[in-house]
Amino acid sequence: MGQLTGKTALVAGAGRNNGKAISIAFAREGADLILVAREKQDALKEVMKECESLGAKVLPIMADVSDHQQVERLVQQGLDRFGQIDVLMSCTGRRAHQDFWQISYEEWDKTFAVNLNSLFYLAKAVVPSMMKNKTGSIIALGGQASVTSQSQRAHVIASKHGLFGLIKALALELGPYNVRANLIALMTIENVRANPEWYTEGNGAYSAEALAAIPLKRAGKPQEVANVAVFLASEQSSYVTGDRILCGGGKYM
């Protein structure tokens with residue numbers, strides 16, 4: 001029996017990178033899945049097939065979680081299919097690199113919509129069923145931007161700090177209903193970048209200088225992020241809430 005047997009998890013941003021690894025890890029641990037992606041339907045179908053091969057029942061949904069109406073519909077679809085949502089896993093993120101004075105109003109709003117508003121929309125739709133069932137785990141992927149500052153990312157820093165603030169607020173208010181909320185602050189993970197032009201290190205490859213600054217002297221793998229997510233989704237972390245786990249090889253101390 002897996003650590004998530006009998007549970008249903010909704011994974012937003014499930015089509016690639018960390019979201020893909022987390023979805024597969026959840027399936028391996030026995031969870032049924034609602035997999036959500038905004039684009040690249042073929043990639044989402046491949047994740048679905050891999051999860052199904054592990055025995056999971058899977059509902060794939062193409063939707064934009066920065067739109068609250070779409071979120072309400074997809075959550076209802078998931079509840080209609082499975083009857084419950086025990087784990088809410090948000091892997092969505094937008095990390096444009098721009099000097100503060102170059103950030104447009106549109107980019108600021110778009111960054112907050114993806115990085116922060118999406119979790120509010122997802123939690124608002126999912127939490128009533130968690131409260132009713134007196135169980136649930138809400139997990140968000142943050143990053144270094146959730147715990148410190150970086151240049152050329154004022155909009156990302158502000159939204160990701162807000163994300164951790166929302167996680168703590170959810171943990172406080174939902175604790176009496178046995179619903180937990182936590183954040184994974186990941187750093188330097190081997191992912192394929194959707195917008196490699198934003199990153200000096202290129203399409204997921206980090207420089208020797210960047211790796212040398214990490215105590216473990218290497219980049220992390222999506223599977224290592226997924227291992228943390230499984231811990232937070234499972235009863236192994238039943239007394240952990242309102243907190244963040246750093247998954248960055250010791251980069252932030």
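Structure above, values below:
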{"item": "Theoretical ellipticity at 222 nm over the chain - DSSP helices of four or more residues, -39500 (n - 2.57) apiece, nearest 500", "result": "-12500 deg cm²/dmol"}
{"item": "The range 32-78 shape via C-alpha gyration tensor axes, a/c threshold 1.5", "result": "oblate"}
{"item": "Extended-chain gain in nm, criterion 0.36 nm per residue less alpha-carbon gap, Lys134 and Val240", "result": "36.6 nm"}
{"item": "Apportionment of accessible area to carbon and sulfur, the range 77-184, percent (1.4 Å)", "result": "52"}
{"item": "Under 5 Å, built H, 5+ apart or other chain: amide partners of Cys247", "result": "Ala185, Leu186, Met187"}
{"item": "Low-density loop positions, GluC sites (Glu not before Pro), the range 1-67 - DSSP coil, at most 16 other Cβ in 10 Å", "result": "Glu39"}
{"item": "Segments 76-88, 132-144 sorted - mean Cβ within 10 Å per residue, highest first", "result": "132-144, 76-88"}
{"item": "For the range 43-117: rounded, prolate or oblate by the Cα gyration tensor [a/c cutoff 1.5]", "result": "prolate"}
{"item": "Sequence-distant lysines (8 or more away, or on other chains) whose Cα lies within less than 17 Å of Lys45", "result": "Lys20, Lys57"}
{"item": "Entries in Lys7/Lys49; Lys49/Lys132; Lys160/Lys221; Lys168/Lys251; Lys49/Lys134 that, when Cα-Cα distance is taken, lie over 28 Å", "result": "Lys49/Lys132; Lys49/Lys134"}
{"item": "Prolate/oblate/rounded label for the range 79-222 (Cα gyration tensor, a/c 1.5)", "result": "prolate"}
{"item": "Peptides 58-66, 12-20 ordered by average Cβ neighbours within 10 Å, highest first", "result": "12-20, 58-66"}
{"item": "Accessible surface of Lys110 - all protein chains present, 1.4 Å probe, nearest 10 Å²", "result": "80"}
{"item": "For the chain, share of DSSP beta bridges that run antiparallel, in % to the nearest 5", "result": "0"}
{"item": "Only Lys, Arg (+1) and Asp, Glu (-1) charged, at Cβ; the range 1-158 dipole about Cα centre in debye", "result": "320"}
{"item": "Kirkwood estimate for the chain, i.e. one over the average of 1/r between Cα atoms, Å", "result": "18.2"}
{"item": "Probe 1.4 Å, accessible area per residue of the range 90-218, Å²", "result": "48"}
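The values are calculated or read from the model by the stated rules, or taken from the named source; none is laboratory data. Keep in mind that this is a model prediction, so the values were computed, not measured. When we count neighbours, we look across all protein chains shown, and the Cβ atoms used for this are built from the backbone with ideal geometry, even at glycine. Remember, those area values only see protein heavy atoms, side chains included, never the ligands or the DNA or RNA. Shrake-Rupley method; radii C 1.70, N 1.55, O 1.52, S 1.80 Å.
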